[in-house]
Amino acid sequence: MATQCYDPENSASRYTLLPDQPDSGHRKSLKIISGIFLSVFLLLSVAFFPILNNQSPDLQIDSRSPAPPSRGVSQGVSDKTFRDVAGASHVSYAWSNAMLSWQRTAYHFQPQKNWMNDPNGPLYHKGWYHLFYQYNPDSAIWGNITWGHAVSKDLIHWLYLPFAMVPDQWYDINGVWTGSATILPDGQIMMLYTGDTDDYVQVQNLAYPANLSDPLLLDWVKFKGNPVLVPPPGIGVKDFRDPTTAWTGPQNGQWLLTIGSKIGKTGVALVYETSNFTSFKLLDGVLHAVPGTGMWECVDFYPVSTKKTNGLDTSYNGPGVKHVLKASLDDNKQDHYAIGTYDLGKNKWTPDNPELDCGIGLRLDYGKYYASKTFYDPKKERRVLWGWIGETDSESADLQKGWASVQSIPRTVLYDKKTGTHLLQWPVEEIESLRVGDPTVKQVDLQPGSIELLRVDSAAELDIEASFEVDKVALQGIIEADHVGFSCSTSGGAASRGILGPFGVIVIADQTLSELTPVYFYISKGADGRAETHFCADQTRSSEAPGVGKQVYGSSVPVLDGEKHSMRLLVDHSIVESFAQGGRTVITSRIYPTKAVNGAARLFVFNNATGASVTASVKIWSLESANIQSFPLQDL
């Protein structure tokens, strides 16, 4: 008799479900063997620069549909509908089922179908990692937000569980929104979350496990006295959301937490104190405020060690500790962070460098990445970061494929002792369990304007480590004053050539390079001889389809004396997560190719500089699929 598994989409609920979508499932790595690889390489090697600058041929599109409505704005949250920068997000492309099936990831977490956004309340409990997430049981667009729930033993392979919370009370009837977990010294779990009331007021609510001895935390109880917090005077009813994990205050039994808001155009982090998580007091002043940054969502606040290599519990403070303040900016949908000093007695956080303050300086990720949240993992003494990776295609395409959005690969977060200014983000070590066999190892001497094809199995599911050595004579002798102020986003992408760049890796390309996504370094030098390195991801030719995001993402990245230019790429079909210099700068890309799919994807290294040769050293692992399925509850 077949084993029956819990299916969250088809279980009894108060929602009317959409018809089932075709199940794309998760696939094992495909073996790609092509006798034309060598001839293609020879052709591309001599034609690289012209190919990069060729324009894509026009494709016939299906129709031009009305622009989709805003999702969430009327309720006071950021627009959940992707707006293409070229204004073509409402152009409907004739996607085939094969193309859409290929876009589904193999090892990133995502529900079986429908919409997902923010990660919520991640925690570790009795041998299981728990992830809660914003989920729409009804459709592949935002709405009816419920808390999805999944568990894992290793942060890679996941089991879906029943919904943790649904919008069924007056204080959250319009959405069970983002929240965070606080684990008390006696093991109790306090889950504070934002609810959108029947009058569209953002309030904070308390929930807790019905049975703390249950490792799966299947049942959750909403506190009968909810809401426990309402917007204070001077704060808009739609500008009060996303409570953080609490940390211990200076007084015995005191807990502190922060909630994002705004006053005018100034982003602020309000601070509340509590001793029981049911009654709260707003403290005078704010934890921090930055003019001009607008509404702060999904604020995160946590310590990092300046001396050790392990993560720290949220309440840890003392010598050798800095504190990270992170805010998701509602105005531009970017996650910003800053490193500074926290005065627990005065309840004030001060950035180390005011020019790199939260919201005006560094970003966690320079691509499609938002609403991130960390938690402390006591099992491995590390701080783990989750982030929502949204779509950059059309809403109609999401409805056609039946799903939208994934979570990033969890990342460890450490203080960068070498720079003293950056965090280091790195994929959790468990991702390496998906590597298949020994890596493909390649060292390539790349002359200016050259490209080389790398033969791999399934170029759609890869873990790539690459380092690049630039010719020292060229690097030290060249001054390129006209490239001071270089910016990835306005540079024109990898087709824009300079003396010292671009050079890097091309992923998810077809064999003719009519579709390609270069991830690369570009070195600019000023009249003073000082070099500045930029790390970029170019999506301008990632797809021949209209109506999808085709930006160039990126930022500068510190490359210190004695360091090679290094990157690590996690390629998973329509997602590429790129980490430069050990994770100082990170870029997440969403790509929607029409040709480089279903075995046609190729991988290259390239050097499109005009005046410097580059030696590339590359290790490439094929990755197998993660096992993500429903939990067999009947076997308990």
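The values are calculated or read from the model by the stated rules, or taken from the named source; none is laboratory data. This one's a predicted model, so the numbers in the text were calculated from it and none came from an experiment. Quick reminder, even Gly has a Cβ in these numbers, built from the backbone with ideal geometry, and neighbours come from all protein chains shown. SASA here: full protein model, heavy atoms, side chains in, ligands and nucleic acids out. Shrake-Rupley method; radii C 1.70, N 1.55, O 1.52, S 1.80 Å.
Using a/c under 1.5 as the rounded threshold, could you call the range 192-277 rounded, prolate or oblate? The axes a ≥ b ≥ c are square roots of the C-alpha gyration tensor eigenvalues, and prolate needs a/b larger than b/c, oblate otherwise. Oblate shape, in that a/c is at least 1.5 and b/c is the bigger or equal ratio. The Kirkwood hydrodynamic radius of the range 240-306, based on inverse pair distances between different Cα atoms, is 12.5 Å. Relative to the longest principal axis of the Cα atoms of the chain, the long axis of helix 37-53 makes an angle of roughly 80 degrees.
For the range 550-602, how big is Rg over Rh, using alpha carbon atoms and the Kirkwood form of Rh?
Rg/Rh: 1.07.
Counting Lys and Arg as +1 and Asp and Glu as -1 over every other residue whose Cβ lies under 14 Å from the Cβ of LEU513, the net charge comes to -2. When the Cα atoms of the range 118-427 are aligned to their principal axes, the ranges along those axes come out at 47, 42, 39 Å in descending order. Counting only lysines at least 8 places from LYS265 when in the same chain, those with an alpha carbon closer than 19 Å to its own are LYS238, LYS326, LYS333. Length available on full extension from VAL436 to ASP313: 0.36 nm per residue minus the Cα-Cα distance, which gives 40.9 nm.
Can you tell me the convex hull volume per residue for the range 288-432, based on C-alpha atoms, in Å³ to the nearest whole number?
Values: hull volume 18.8 nm³, N = 145.
Expressed per residue, the convex hull around the Cα atoms of the range 288-432 is 130 Å³.
So what's the projected area for the range 425-511, the Cα convex hull averaged over all directions, in nm²? Intermediate results must be reported in sequence, preceding the final value.
Details: hull surface 32.8 nm².
So the mean shadow area of the Cα hull is 8.2 nm².
The Stokes-Einstein estimate for the chain, based on a Kirkwood radius over Cα pairs and taken at 4 °C with 1.567 mPa s viscosity, is a diffusion coefficient of 51 µm²/s. Centre-to-centre separation between the Cα atoms of the range 113-187 and those of the range 376-434: 16 Å.
Could you calculate the contour length gain from ASP154 to SER275, that is, 0.36 nm times the residue separation minus the distance between their Cα atoms, to one decimal place in nm? Mind dumping the intermediate values first?
Working: separation 121, 0.36 × 121 = 43.56 nm, distance 3.32 nm.
Stretched fully, the ASP154-SER275 segment lengthens by 40.2 nm.
If the Kirkwood radius is taken over C-alpha pairs of the range 434-620, then at 25 °C and 0.890 mPa s the Stokes-Einstein diffusion coefficient equals 150 µm²/s.
Considering only C-alpha atoms, what is the centroid distance from the range 320-345 to the range 266-290, in Å? With the range 320-345 and the range 266-290 each reduced to a Cα centre, they are spaced 15 Å. Modelled label positions at PHE223 and ASP343, each set 7 Å beyond Cα in the direction of Cβ, lie 3.0 nm from each other. First select every other residue whose beta carbon is under 14 angstrom from the beta carbon of TYR193; then total the charges, Lys and Arg +1, Asp and Glu -1. So the environment of TYR193 carries a net charge of -3.
Considering the zone a paramagnetic label at ASN627 would reach in this model (a point 7 Å from Cα along the Cα-to-Cβ line), which residues of the range 425-454 have amide N under 17 Å from it? Those under the cut-off are 430-436. To the nearest Å, what is the center-to-center distance of the range 499-526 and the range 547-598, using C-alpha atoms only? First find each Cα centre; the distance between them is then 10 Å. As a test of the formula, what do you get for the chain when each DSSP H run with n ≥ 4 contributes -39,500 (n - 2.57) and the sum is divided by the residue count, at 222 nm and rounded to the nearest 500 deg cm²/dmol? So the helix-based figure for the chain works out to -1500 deg cm²/dmol. Of the solvent-accessible surface of the chain, computed with a 1.4 Å probe and all protein chains present, 51% belongs to carbon and sulfur.
Solvent-accessible surface of the chain, taken per residue with a 1.4 Å probe and all protein chains present: 37 Å². Summing charges over all other residues whose Cβ lies under 11 Å from the Cβ of VAL559, with Lys and Arg as +1 and Asp and Glu as -1, gives 0.
Expressed as a whole percent, the proportion of Cα-Cα pairs in the range 500-552 lying more than 12 Å apart is 67%.
Rg then Dmax, both in Å and based on the Cα atoms of the range 361-426: 15.2, 47. Charge dipole of the chain (Cα centre as origin; +1 on each Lys and Arg Cβ, -1 on each Asp and Glu Cβ, all else neutral): 640 debye, rounded to the nearest 20.
Could you work out the relative contact order of the range 149-200, using alpha carbon pairs under 8 angstrom and six or more residues apart, expressed as a whole percent?
Numbers: 72 pairs, mean separation 15.4, N = 52.
RCO, the range 149-200: 30 percent.
Packing-based ranking of 617-623, 232-238, 504-510, 605-611 yields 504-510, 605-611, 617-623, 232-238, ordered from highest to lowest mean Cβ neighbour count within 10 Å.
Here the extension length gained between GLU465 and LEU636 equals 57.4 nm, from 0.36 nm per residue of separation less the Cα-Cα distance. Relative contact order of the range 434-620: 39 percent, from C-alpha pairs under 8 Å at least 6 residues apart in sequence. Roughly what % antiparallel, to the nearest 5, for the DSSP beta bridges in the chain? The antiparallel fraction comes to roughly 95 percent. By the compact-protein rule of thumb, 2.2 N^0.38 Å, the alpha-carbon radius of gyration of the range 512-636 corresponds to a ratio of 1.30.
For a quick check of your reading of the filter: which chymotrypsin sites (Phe, Trp or Tyr not before Pro) in the range 194-241 sit in a DSSP loop and have no more than 15 other Cβ atoms within 10 Å?
Values: sites: TYR200, TRP220, PHE223, PHE240; in loops: TYR200, PHE223, PHE240.
Sites meeting the loop and neighbour criteria: TYR200.
The phi-based Karplus calculation (6.51 cos²θ - 1.76 cosθ + 1.60; θ = phi - 60°) puts the 3J(HN,Hα) values of the range 553-568 at 9, x, 6, 6, 9, x, 10, 7, 4, x, 8, 7, 7, 10, 8, 10 Hz, whole numbers, x for Gly and Pro. In a DSSP loop and with at most 15 other Cβ atoms within 10 Å, the trypsin sites (Lys or Arg not before Pro) in the range 411-442 are LYS417, LYS418.
For the range 304-354, trypsin sites (Lys or Arg not before Pro) are listed when DSSP marks them as loop and at most 15 other Cβ atoms sit within 10 Å of their Cβ; the list is LYS307, LYS308, LYS346. Computed over the chain, relative contact order equals 16 percent, with contacts defined as Cα pairs under 8 Å that lie 6+ residues apart.
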